[in-house]
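**Student:** I am attaching a structure below and will ask some questions about it afterwards.
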């Protein structure tokens, strides 16, 4: 048994954020809520979603692995209206996931389940020296600046505690500098200077579904994966992206 | 040029 009702807008955002990196996902559902971890095909990035039970208006579930094609889910959620309620319902007999959208009309979709067995993929527990809390819009703007000069970007914490988004091409260079006085910065928890370099296309995918006022928690170290977390309603989404190393 | 590594190195 699995039946869960949530506002369509939040679930759409969760699917949009996930489907930028992976094609299929296995939702591990149980009485506490929905969890899913997946790596992109090249194993450079990982996405982890946690939608606790209290996010839902109604939630009843036993333990199931529900493997779905994210592209199909993304298309259906693309048709959802923000004032609609979405009910997810597992049809074990037909091996389908039903998506029922309700407001003025009742619209029913049903998608085939994939045999994506749970990968038991765990998010590695990495300790980070630095954490930046920044508005998503500001970070996305800095990435756009960096993109003008190269396909990769360095996320740096300077000796004097500034957060720097730096990119260097053959001839050109771009740099966005934030400090504790910047309005877009909610907090800088810094213990040491650090620098890691990342592929820009991945960072853009990771931040694509964000709204400009979303608060990103960016965890940084030197030549370490970047961890980026934000909330979608009560749900939490986490990305890990491996660095590029000189 | 920096080289992309995979996440496996951190598991």
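What follows draws every value from the coordinates through simple rules; no lab data is involved. Nothing here was measured: the structure is a model prediction, and the numbers come from that model. Please note: Cβ atoms are built from the backbone with ideal geometry, for glycine as well, and neighbour counts cover all protein chains shown.
**Student:** Using a 10 Å cut-off around each Cβ, can you sort A:27, A:163 from fewest to most neighbouring Cβ atoms?
**Tutor:** On the way: A:27 22, A:163 26.
Fewest-to-most ranking of A:27, A:163: A:27, A:163.
**Student:** Sticking with this structure for a sec: Helix A:8-19 against the longest principal axis of chain A: what's the angle in degrees, Cα atoms only, rounded to the nearest 10?
**Tutor:** Once rounded, one gets 60 degrees.
**Student:** Report the full-extension gain for the segment residue A:79 to residue A:127: residue separation times 0.36 nm, less the Cα-Cα distance, to one decimal in nm. Don't jump to the answer; show the numbers that get you there.
**Tutor:** Details: separation 48, 0.36 × 48 = 17.28 nm, distance 4.02 nm.
Stretched fully, the residue A:79-residue A:127 segment lengthens by 13.3 nm.
**Student:** Using label points projected 7 Å from each Cα along Cα→Cβ, tell me how many nm separate residue B:8 and residue A:193, to one decimal.
**Tutor:** Between residue B:8 and residue A:193, the label points sit 3.4 nm apart.
**Student:** What is the order of B:11, A:139, fewest Cβ neighbours within 10 Å to most? Could the numbers behind the result be given before it?
**Tutor:** Details: B:11 12, A:139 25.
With the fewest neighbours first, B:11, A:139 line up as B:11, A:139.
**Student:** Enter the Cα centre distance for the pair segment A:52-101 and segment A:135-209, rounded to the nearest angstrom.
**Tutor:** 35 Å
**Student:** Same structure, new question: Provide the FRET efficiency to the nearest 0.05 for the residue A:181-residue A:94 pair, computing r from the beta carbons and using R0 = 45 Å. Walk me through the numbers before you get to the answer.
**Tutor:** Details: r = 58 Å, r/R0 = 1.28.
Efficiency, rounded to the nearest 0.05: 0.20.
**Student:** Relative to the longest principal axis of the C-alpha atoms of chain A, give the angle of the C-alpha long axis of helix A:136-147, reported between 0 and 90° and rounded to the nearest 10°.
**Tutor:** So the inclination is approximately 60 degrees.
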